[in-house]
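Some notes on the structure that comes next.
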Amino acid sequence: MKLPQPLALACSRFWSWLISPSLLFFAVMVSFPAFLFQKNLLVLVAEATTFFFLALTRRGRLRILPSLLMIFGIVIFALLSPHGEVVARLGNFTVTRGALEAGLARGVTLAGMVFLSQLALSPGLSLPGRAGNFLVDMFAVLDRLASEPIAFGEDSKKLKGIFTLLDARLYQVYWNEENSGRNEGCVGDDNGDSKDVLVNSAKEPHNEQKLNRGSFREILTAILLPCILYFLLWKSI
């Protein structure tokens, strides 16, 4: 699913104004346990749907079909172990309420975790320390690997062809990361850099009040998501 270009740009500006990528990442990480331990199926579906739309507005584009197929597959495998009240019979295949609800809960939980992860990740994310840099690089590579489907053609009919396509994707993502790192490491000429520093330092006193307001807004936004999820978890116990 993809948002129209004007709407995607407006949503991107709104998220940039609302909260910083690092603070959003920590807020999502704190929210994970509240979502994982949610036992109410209706609340679980509502939360996963909300995460999907939040991630869609955050990124502008999101693939929902793989998540739907994952939920469908998990439900089918759960129905192979029937338990609880019989809801329907399709020949020798029995659909039970317990197995259906258990499969939906597992599938929706996994899909919601995917949407939460996509909400937390963004190109501007930066975490402190070596461990933080490693996590950012790892998430960025995983995000690029899953950003586009691999085009399986005639070569994929053989096992060797599948590994060749996967190796080509890994090679492409690796060199894209290397090139982007080199571009970020390039420095312009000294005169231009010194002018930018002077301009930024001159603007700092005027922007101090705006920064304070922005910090308060970001902290409030970061607290809001975990509080809502933990409140819903508490109400469902």
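The values are calculated or read from the model by the stated rules, or taken from the named source; none is laboratory data. All values reported here derive from a predicted model rather than from experimental measurement. Note that each Cβ is placed from the backbone with ideal geometry, even for glycine, and that neighbours are counted across all protein chains shown. Heavy atoms of the whole protein, side chains included, go into the accessibility calculation; ligands, DNA and RNA do not. Shrake-Rupley method; radii C 1.70, N 1.55, O 1.52, S 1.80 Å.
Quick check: anything in the stretch 28-39 under 15 Å from Gly103 (Cα atoms), out of contact with any Ser or Thr (no Cβ under 6 Å at 6 or more places or on another chain), open to solvent by less than 50 Å² (accessible area, probe 1.4 Å) and of a type in the set (A, V, I, L, M)? No: the stretch 28-39 contains no residue that is under 15 Å from Gly103 (Cα atoms), out of contact with any Ser or Thr (no Cβ under 6 Å at 6 or more places or on another chain), open to solvent by less than 50 Å² (accessible area, probe 1.4 Å) and of a type in the set (A, V, I, L, M). One residue stands out among those in the stretch 41-94 that are closer than 19 Å to Ser117 by Cα and assigned to a loop (DSSP other than H, G, I, E, B): the one that is most open to solvent (accessible area, probe 1.4 Å), which is Arg63.
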